[in-house]
Structures are given as structure tokens and as C-alpha cells.
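Notes follow the structure.
The values are calculated or read from the model by the stated rules, or taken from the named source; none is laboratory data. Since the structure is predicted, the reported quantities are computational estimates derived from the model, not experimental observations. Don't worry about glycine lacking a Cβ; one is built from the backbone with ideal geometry, like all the others, and counts go over all protein chains shown. In case anyone asks, the SASA skips ligands and DNA or RNA and just uses the protein heavy atoms, side chains included. Shrake-Rupley method; radii C 1.70, N 1.55, O 1.52, S 1.80 Å.
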Amino acid sequence: MSSPTLVLASTSPYRRALLERLRLPFETAAPRVDERRNSSESPQVLVLRLAEAKARAIAETYRNALIIGSDQVACIGDEVLGKPGDREQAVAQLERASGRTLVFHTGLCLLNTMTGRAQTLVEPYRVHFRALTRQQIEGYLDREQPFDCAGSFKSEGLGIALFERVEGDDPNTLIGLPLIRLITLLESEGVFPLGA
């Protein structure tokens, strides 16, 4: 039997770049999933549901595959911050984050289409923001324009200057794909990035 195809159920350039670090061959596919939050869903339940839904959305196309689905939200308390989409929303998000802690919840699913087994988890990551002035926020946004990023920053770039400190097991989680946990899931399916 041939080895399963590894598929990233995402068109995110950030997730793609992270998965490339493992030096495993993989394909990408765009899942068509309604990402709206149900009224009673906690952030953790939301990202878990969406990560699995993204993997399952493309499963019919791949008969012998390991499909990676992932979803992420940023939260201040119970408030979920989405991708800002524009400068005005990004300013508002960073003003709310100033001097506070954001928690990023990243859902991860590894779906084996041969067995139907779906391994899922939620990985948290905390970002403690510096007290920021409006001038600092606008200067940052002028330089990076992170309007397609939850929380309105790119931690892999200048966004790191917005932080006082971060807490979590895997810094890749903050960018959108918890690689340390993913490696464990892949190994349980017989895929070893470092070799068996």
C-alpha cells in the first residue's frame, strides 16, 4: 500500500510556511467551510469544530490521505477577535489589546481518510501586550499591515515589539499551526519527520 498523501486543508500562506519546516511533501486544498460561530460555542469548541470541519470538507477528494485542518481565534476574555480586514478595525483591536492579555486558541485536526480516525486538540497561547500609544499602533500598522491576521499583528515580524511576554508550549501556535503537537499526531499515524 502506498504512503498516505499529506494534505493541508488551508490556503493560508502562514500555515503553509510553517508546515514546510517539517520538510515533508504535502499538498494544499481550500476547504469550503462556514466559519461563523454558533451562539453557545466557547472559543475552544469553535476552533475544534472548524479544524475538523476543514479536514472533512476535502476528505472526499483524497482517499488515502492524512489531512491537517486548523483554525484559530484570538480572545480578550470571552470576546473573540477575528481578522480585522482593514486598518480601522486593526487599530480598534490593538487599542483593546493594549496592556492586556490575549489568548489564542488554535484547533488542530489530523484526519486519516483511510481509517476515518480524526485526532483533535486545542492548543492555547497567551500574549501579554505592552501598553501601547495610538502613535505606536498606527506606526506598526503602517509597517506591516496585518489586516489578514487574527489580533492584528504578525508575531514572526515587527509584531513582536507589541508584546511584553508570551506564554505557551509552541511559538508556532501563535502563527496558526502547532507543529510540536502536529508531529506527535503524525507519528501516531506512522509519519516521522526525523525518520523512524
Checklist outcome for this item: Screening 158, 174, 110, 179 for residues that are aliphatic (A, V, I, L, M), under 25 Å from residue 11 (Cβ atoms) and at pLDDT below 95 leaves only 174
Checklist entry - When you go through (1) surrounded by 24 or more Cβ atoms within 10 Å (Cβ to Cβ); (2) within 21 Å of residue 17 (Cβ to Cβ); (3) not β-branched (Val, Ile, Thr) one by one for residue 97, which number turns out not to apply? => result (2)
Checklist entry - Does residue 90 satisfy the criteria of being in a helix (DSSP H, G or I), open to solvent by less than 10 Å² (accessible area, probe 1.4 Å) and closer than 15 Å to residue 7 by Cα? => result no
Checklist entry - Is at least one residue of the range 128-138 in a helix (DSSP H, G or I), out of contact with any strand residue (DSSP E or B) (no Cβ under 9 Å at 6 or more places or on another chain), open to solvent by 50 Å² or more (accessible area, probe 1.4 Å) and among the aliphatic types (A, V, I, L, M)? => result no
Checklist entry - Cβ-Cβ below 6 Å, separation at least six or inter-chain, first residue in the range 157-172 and within 21 Å of residue 123 (Cα to Cα) and without any contact (Cβ under 8 Å) to a residue 40 or more places away in the chain, second assigned to a loop (DSSP other than H, G, I, E, B) and of a type outside the set (Lys, Arg): which pairs? => result 159/153
Next on the checklist: Considering only residues that are assigned to a helix (DSSP H, G or I) and within 9 Å of the chain's Cα centre (by Cα), which ones fall in the range 172-194?
Outcome noted: 172, 173, 174, 175
